[in-house]
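Okay, so here's the structure we're looking at.
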Amino acid sequence: MLFLPAFTPPSTRKKHPVRSEVRAAQVALRVLQALGRGGQRILFVGHGLDNHQDLWKRLPQGVILWVRSAKNRVLFFLPEKGVRPNRKSGRPAPRPAQVWRERKGWRPVRMTVRGRRRHLPPKVVGPVLRRGVPDRPLFLIVVRGKARGGVRRGPLPFLVNAVWGEAGWTLPLPLETLLFWAWQRWEIEVAHREMKSVFGLGEKQPWPREGAMLGVQGVAWAYGVLVLVGCRAWGIRDGLRPPTRW
C-alpha cells in the first residue's frame, strides 16, 4: 500500500510540495513501474478522476485507466475520414445520461463476484473522444441501473482508454474483466473504513508537522502488513467472513 501526500496550497507543510491528487496518482504509477513492472500492463481503477485532462494526456505506456465518469460528460465520436483532415473530433456522441435512457444495445454479462452470481447489463459506446483530449480515444461503458429486493441501483458510467488492434480501436481488456474490477473497487472503500474505524486513521494528533503525514502512512503500512499476513495464512478466498456487508 502506497499513501502519498497531496497537500493543497493553503495547507501548512514542511518538506513536501503542493500537488493535486492526480499528480500523486501519476507519481504512484511511476513508482509501480519502477518496481520491475515496466513491461507489465497495469489496470488503474480510479474514482471521479475523469475530469482531469492531464491524467488522460500523460497516461504512461501500458497503463489502462478505468474510471467513473460524470453523467453529463461531453463526448465526441472520432472524425470521419475524408472530412477536414485537420479536424480533431467528429460529431457529438451521446452523453452518459442519454445512453442509460436508451432501450436497445444492452448486453447481458454474468460474472461471479465474492462467491455470488451477478447479472449486469452494460452498453459500450465508442471509440469516443472527450473535450480537451483529442489524441486519446476512449470507450464509454454504461452499466444500467436495476431494482432488486427493494434496493434500487442507479446507472453507472465509466471511461476506459482504447487500444489499437488489427480490427481498429478495441477495449484494452475483456468487458467482463473491466466490470469485475469495477465491482471489486468496493474493497478500497472497505479498507478505508477499517483503517479509520478500527485502526484510528486520522485520529492521531501529532504536534510535529511531519507527524501529521507519517502517522497516516504508519497506520496504512500496519494495515497493509496485517492484510498480507491474513492472505498468507488463510488464502485470498478462504479468509474470515465479515459479519456484515462491510
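The values are calculated or read from the model by the stated rules, or taken from the named source; none is laboratory data. Please read these numbers as outputs of a predicted model, since none were measured by experiment. Cβ placement follows ideal geometry from the backbone for every residue including glycine, while neighbour counts extend to all protein chains displayed. SASA here: full protein model, heavy atoms, side chains in, ligands and nucleic acids out. Shrake-Rupley method; radii C 1.70, N 1.55, O 1.52, S 1.80 Å.
The table for this structure:
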quantity	calculated
Residue ID - nearest to residue 1 (Cα to Cα), chosen from residues in the stretch 34-53 that are at pLDDT below 80 and either in contact with a Lys or Arg (Cβ under 7 Å, 6 or more places away or on another chain) or open to solvent by less than 50 Å² (accessible area, probe 1.4 Å) (or both)	47
Residue match in the stretch 94-107 (condition: open to solvent by less than 20 Å² (accessible area, probe 1.4 Å), part of a strand (DSSP E or B) and in contact (Cβ under 8 Å) with a residue 40 or more places away in the chain)	no
From the options 72, 86, residue that is in a loop (DSSP other than H, G, I, E, B) and either at pLDDT 85 or above or touching a helix residue (DSSP H, G or I) at 6+ places or on another chain (Cβ under 8 Å) (or both)	72
The stretch 227-246, subset aliphatic (A, V, I, L, M) and open to solvent by 100 Å² or more (accessible area, probe 1.4 Å), residue modelled with the lowest pLDDT	240
Selected residue (only one of 143, 133 is within 19 Å of residue 59 (Cα to Cα) and over 14 Å from the mean Cα position of the chain (by Cα))	133
Of all residues in the stretch 184-223 being acidic (Asp, Glu) and under 22 Å from the mean Cα position of the chain (by Cα), the one that is modelled with the highest pLDDT	194
